[in-house]
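These notes concern the structure reproduced below.
Every read-out reported here was derived from the displayed coordinates using simple, explicitly stated rules and does not represent laboratory data. Keep in mind that what you see is a predicted model, and the values were worked out from it rather than measured. All Cβ positions, even for glycine, are placed from backbone atoms using ideal geometry, and neighbour counts span all protein chains on display.
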Amino acid sequence: MLPRSRLSPPLRDFELVVMLAVLGLREEAYPLSIRDAIEERSGRKVSRASVFITLERLERKGFARSRYGDPTPVRGGRAKRFFRATPRGTAATRETLHLMHAMTAGLEEILG
Amino acid sequence: MMTRLAAMLLERAVGAECARSILGDLEEDLARGRGPRWASRAAGVWLLWEAIAHAASARWDGAVRPSRPTRARRRLEVTTMWYDVRDAIRSLRSAPLFTMVALLVLSLTIGASTAIFSVVDAVVLRALPYDEPHQLVQVGTIDRRTGQFDTYQPAQNFTDWVARQDVFTSIAATTAAGGFTVSENGVAKDLAALQVTVGYFDVYRGSPQIGRPFSDGDYREHSARVALISESLWRRHFGADPDVIGRTLRSTAELRYGAPFPVDAGTWTIIGVMPRSFRSPVSGLRHTDVWVPYVVPRSQQARGVDDRRDNLEVTARLADGVTIERADAHVRAITASLAHAHPTWFGEEIGAVRSLHEATVGIVRAWMLLLLGAVGVVLLIASVSVAHLMLARATARGHEMQIRAALGASRWRVARAQLVESLMLSTAGTLVGLLLAVWGINVLRAALPEGLPRISTVALDVRVLAVAALTSVVTGWRSASRPRCSSRAREQPAGCAPAAAALPPEARACARRSLSLRLPWPSCSRWARACSCRVSSVS
């Protein structure tokens, strides 16, 4: 059983989804590729603004870090903003997933 | 337009760098077909809508605040600005004919407009150099038939106005005094002297920096002859002697053509030195060197027919809360009652009050402002001409701009380079123009009529320099705006963008360096290959 203080997950639902996408994309994680990855896996439309704001929040919490790449002509000479998970972010993702697994154990019959 | 609006909105919400990356994401989406057709009107609206959504999310979430630029970022901006300055110098040096013509046009017009502004500012625009100058008025009479204001008044009018008025805190009269001479280098020189009545220094709120002002005893008939001298005369003739009090000036009773009516011959004891800031009257070409008391002669205190001499200029300071209109009505009423008692004395004249500033510059204001307007129009035409020159130059440099854009330069960066070039040109034009203005002011001072009010105060000062600097910036901005608006930096030649984008960062840096050095341009693809080869051979 998890300690009491850790019961509330460090990541909210969409934050977890975005963190998983960032971890999956590795060096190529920028808002558009993250959105595309989520849409591809979930089959649901996701707005750019929600991805952007979630990434901002994750960076503010110290779970992700961003850097600007080189400008590219297809983007009108503007740089991409690449994100990567920090060790703290990776740990938070692991913790959240662990909490979910712990809570869903034994519910397979109900949840399917 | 929509893109600029979207960029502005995002920059305010999330900061410049973050805004650029979001706009990049949106443009990439458009390019991938995830939105309206590229470059359509709908695309602009879509872009703006998405920008609003991002900005609103950021604000609502409170997670993002526009961050202050870091030290590294500020250093980078300074460096890129320095690159722009360096490129602009090289660019201007590479086109000497264009630079010379543009510089000539700008310096001539800025020089002319600065010189004219100096004159108009000193003569018309500047307030009178006294404490609360709006309270200073001139009292005289108006001819009802012609509407002409008569400045010079007989002592009888002045005496009655002093006795009956209650709208002025002080009122005084002056008249020129001839006959004062000093010997400078063995040559006798006339001094500009003024006889002043009681209250004169109260009207102008002036007091001596050394010594004492005139006392009531100095205004009695047959009292000792005393004089106040200007700071200029004190330095020039008395060597700034602090013990000047008690020394004397001489006056002669010689009546000379063109000189004012002389005061009594004799010696006058100096009782004080007026400060440099006290200049009176403001309208004269020469500043007053000597002030002596003026006592209205007994013969001119009564309204006789034979003893009328219209030689006094009357000035006054309005009491607090009294307007010029009210003072004018008051003086009119006094004069009307006097005219009723002495109908032959006034004739068609009626008392009047006008602002001293208006009295000083009113005659020349209209044509001076017209002149300033004309010079302003010439300056505008010149800046438009230079703008056209720069436009022609920008068209010729279209290829260079396209390559810059292909290398990743933003529209702002390309526009900024042109703006810096234009501002440098206008700044250089202003500096040369200022030299021309100094010369022009001297020419104007010599050429303008001597009677022009305050002409002696015309000079190149901080106000004029500020106007010249403003002119420089506006001219530079105006000159750069046309080329900036018409530059199509985003339209890249086919095949150029992918070729440039495919280059490694070192190759792009090499290309930028080539651009700044103005190396001859091969075709884009050949250049890209050459650059790639060079980088690979280096690495």
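Points worth noting:
- Taking the centroid of alpha carbons for each part, region B:77-105 and region A:76-112 are 55 Å apart.
- Modelled this way, with points 7 Å down the Cα-to-C-beta line, the labels at B:Val377 and B:Asp241 are 5.8 nm from one another.
- Take the Cα of B:Arg326, step 7 Å toward its Cβ, do the same at A:Thr90, and the gap between the two points is 8.5 nm.
- Calculated diffusion of region B:151-201, Stokes-Einstein form, Kirkwood radius summed over Cα pairs, 4 °C and 1.567 mPa s, µm²/s: 98 µm²/s
- B:Phe98, B:Phe168 arranged by Cβ crowding within 10 Å, fewest neighbours leading: B:Phe98, B:Phe168
- Gain on full extension, evaluated as 0.36 nm per residue between B:Arg41 and B:Ile363 minus their Cα-Cα distance, stands at 110.1 nm.
- Counting, for every residue in B:344-350, the Cβ atoms of other protein chains within 10 Å of its Cβ and taking the mean gives 0.
- In region A:6-64, Cα pairs under 8 Å separated by at least six residues give a relative contact order of 31 percent.
- Translational diffusion coefficient of region B:1-43 (Stokes-Einstein, Kirkwood radius from Cα pairs, 20 °C, 1.002 mPa s): 201 µm²/s.
- Rounded to 0.05, the FRET efficiency of the B:Ala447 and A:Val74 pair, given R0 = 51 Å and the Cβ-Cβ distance, is 0.20.
- Calculated from the alpha-carbon coordinates, region B:294-364 shows an Rg and a Dmax of 14.4, 40 Å respectively.
- Alpha-carbon centroids, region B:218-255 and region B:5-23: separation in whole Å: 73 Å
- Residue order, fewest to most beta carbons within 10 Å, for B:Thr174, B:Thr430: B:Thr174, B:Thr430
- Taken one residue at a time, the phi angles of region B:325-333 give Karplus couplings (6.51, -1.76, 1.60, θ = phi - 60°) of 4, 5, 5, 4, 4, 5, 5, 4, 5 Hz. Gly and Pro are set to x.
- Trypsin sites (Lys or Arg not before Pro) within region B:72-173, DSSP loop, no more than 14 other Cβ atoms inside 10 Å: B:Arg144, B:Arg145
- Per residue of A:62-73, other chain Cβ atoms within 10 Å of the residue Cβ number 4 on average.
- Approximating the spin labels as points 7 Å out from Cα along Cα→Cβ, the B:Trp82-to-A:Ala102 distance works out to 5.6 nm.
- Couplings 3J(HN,Hα) for region B:160-170, derived from phi with the Karplus relation 6.51 cos²θ - 1.76 cosθ + 1.60 (θ = phi - 60°), are 5, 4, 4, 6, 9, 6, 9, 10, 10, 7, 7 Hz, where x marks Gly and Pro.
- Mean per-residue shielding of peptide B:90-103 is 0, counting Cβ atoms of other chains within 10 Å of each Cβ.
- Label point 7 Å beyond Cα of B:Val295 along Cβ direction - residues of region B:212-236 with amide nitrogen under 20 Å: B:212-229
- When the charge dipole of chain A is built from unit charges on Cβ atoms (+1 for Lys and Arg, -1 for Asp and Glu) and taken about the Cα centre, the candidate among A:Gly69, A:Ala49, A:Met100 whose Cα reaches farthest toward its positive end is A:Gly69.
- If you model region A:7-112 as an ellipsoid using its alpha carbon gyration tensor, with each semi-axis the square root of five times an eigenvalue, the axes come out at 28, 16, 10 Å, biggest first.
- Cβ-based exposure ranking for B:Met424, B:Met8, in which fewest neighbours within 10 Å come first: B:Met8, B:Met424
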